[in-house]
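Some notes on the structure that comes next.
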Amino acid sequence: MASIRNISILLFLVLGIANAKGNTNQQAKQPIQTFRPYNLAHRGACGEIPEETTHAYLRAIEIGADFIEADILASKDGQLVCFHDVTLDDTTDINNHTKFSDRKRTYEVERVNVTGYFLVDFTLEELKSLKVKQRYSFRDQQYNGKYSIITFEEYITIALNADRTVGIYPEIKNPVHVNEHVKWSNGKTFEDIFVETLLKYGYKGTYLSESWLKQPIFIQCFGPASLIYLSNKTDSPKIFLIDDVGVRTQDTNQSYAEITSDSYLSYISQYVVGIGPWKDTVVPPINNYLTPPTDLVERAHALNLEVHPYTFRNENKYLPFDFHQDPYQEFDYWINQIGVDGLFTDFTGSFYLYQEHTSVPGKTHHPVI
């Protein structure tokens, strides 16, 4: 694959000229693979480079991602950006910018009072003045302060201008919070602006359709109300994210225990093509040892739903003792025993190496629907 330096140069050249209809050279590119579980680069290659930055996404593409994943939030002036937390405190240098010291607020987010520097209180220009840093202290710190927050459109452009077909996997993040604090003209919502951006760049089409294969996308959200609303705006495939069974949804106040019931899965399957469960909801650990898996994957598959669990991390603190400090054993367990259809990982390269050594080309893992 092209080096990250060469991809960076290419990105620099094309960012300003990508047309609003998406990349017209998609047909000439190597197509996305559909014969094995998807390699979903969680916030880019964030195990190596600070999350949701240009270089984290470029690195993920370089080392084998099928899809690059992003969390989408909105700035004070209504611009969509790639950022995970509703506050800037943990992954930017906001505390070094004294001119913003009066911006700290306390807001209720998902029924909990949160204090910090909220992204929705900053314009895009102000957000661009910040630098990001690695979330975890035990990961490589050499890239701290080198990269900026990027916009949703910049993220899309990275995927469209990759040297092969790379999918995007954006999450509508905290839509209740965003719609409460950010207002658009003509009564438009966060969800409306999100879909308009996707359509502007040519993202459309049902799962595995010709349009989808040219520009692959999954839209994800923890909020069922947002997913149902989106179903009337776009036919792009949607994934319903699932948290721990004791947590409640932000928009409908349902527990994920209810969400994962047979009746609710059957209902939501009218609007989504899959679920994205927290992996501990599928296989609960006790004292860092695995217990017998639940039947969630089996029941989802019975409804023809994809299952894309999150998040797989190489570090020992995240690996159950059953895998003896070997992430490849964990991948193998989830693919061959649990039977998932893709997985979110902070270490795209590791999963890619596993895929290359174990998969059989020509065997179609994802049947055409």
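The table for this structure:
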{"read-out": "Criterion: open to solvent by 50 Å² or more (accessible area, probe 1.4 Å) and over 17 Å from Ile156 (Cβ atoms) - qualifying residue of Thr206, Thr249, Thr260", "value": "Thr206"}
{"read-out": "Asp326 being among the charged types (D, E, K, R), open to solvent by 10 Å² or more (accessible area, probe 1.4 Å), modelled with pLDDT of 95 or more and within 29 Å of Ile259 (Cα to Cα)", "value": "no"}
{"read-out": "Output for segment 300-310, where each listed residue is open to solvent by less than 50 Å² (accessible area, probe 1.4 Å) and either more than 21 Å from the chain's Cα centre (by Cα) or not aliphatic (A, V, I, L, M) (or both)", "value": "Glu306, His308, Pro309, Tyr310"}
{"read-out": "Some residue of segment 163-175 being polar (S, T, N, Q) and either over 22 Å from Gly274 (Cβ atoms) or open to solvent by less than 10 Å² (accessible area, probe 1.4 Å) (or both)", "value": "yes"}
{"read-out": "Subset of segment 30-43 that is touching a residue at least 60 places away in the same chain (Cβ under 8 Å) and touching an Asp or Glu at 6+ places or on another chain (Cβ under 7 Å) - its residue that is nearest to Gly145 (Cα to Cα)", "value": "Arg43"}
{"read-out": "Residues located in segment 121-144, provided they are open to solvent by 30 Å² or more (accessible area, probe 1.4 Å), more than 16 Å from Cys46 (Cβ to Cβ) and not charged (D, E, K, R)", "value": "Thr123, Leu124, Ser129"}
{"read-out": "Qualifying residue in segment 44-65 (condition: in a strand (DSSP E or B), of a type outside the set (Asp, Glu) and touching a residue at least 24 places away in the same chain (Cβ under 8 Å))", "value": "no"}
{"read-out": "First in segment 292-312 and under 18 Å from Leu40 (Cβ atoms) and free of Cβ contacts under 8 Å to residues at least 60 places away in the same chain, second anywhere and open to solvent by 20 Å² or more (accessible area, probe 1.4 Å) and β-branched (Val, Ile, Thr), Cβ under 9 Å, 6 or more apart", "value": "Val297/Ile338; Leu305/Val273; Val307/Ile338; Pro309/Ile338"}
{"read-out": "Residue in segment 145-155 that is nearest to Asp192 (Cα to Cα), counting only those that are open to solvent by less than 10 Å² (accessible area, probe 1.4 Å) and in contact with a Leu (Cβ under 8 Å, 6 or more places away or on another chain)", "value": "Phe152"}
{"read-out": "Residue that is surrounded by the most Cβ atoms within 10 Å (Cβ to Cβ), among those in segment 263-282 that are in a loop (DSSP other than H, G, I, E, B) and in contact with a helix residue (DSSP H, G or I) (Cβ under 7 Å, 6 or more places away or on another chain)", "value": "Val272"}
{"read-out": "Test for Ser226: is it among the small types (Gly, Ala, Ser), open to solvent by less than 10 Å² (accessible area, probe 1.4 Å), in contact (Cβ under 8 Å) with a residue 24 or more places away in the chain and over 30 Å from Arg164 (Cα atoms)", "value": "yes"}
{"read-out": "Residue in segment 334-352 that is under 26 Å from Gln134 (Cα atoms) and without any contact (Cβ under 8 Å) to a residue 24 or more places away in the chain present", "value": "no"}
{"read-out": "Meets criteria (of a type in the set (Asp, Glu) and either touching a Gly at 6+ places or on another chain (Cβ under 9 Å) or surrounded by 21 or more Cβ atoms within 10 Å (Cβ to Cβ) (or both)) for Asp295", "value": "no"}
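The values are calculated or read from the model by the stated rules, or taken from the named source; none is laboratory data. In this text the structure is predicted, and so the values were computed from the model without any measurement. Don't worry about glycine lacking a Cβ; one is built from the backbone with ideal geometry, like all the others, and counts go over all protein chains shown. Surface accessibility is based on the protein's heavy atoms, side chains included, excluding ligands, DNA and RNA. Shrake-Rupley method; radii C 1.70, N 1.55, O 1.52, S 1.80 Å.
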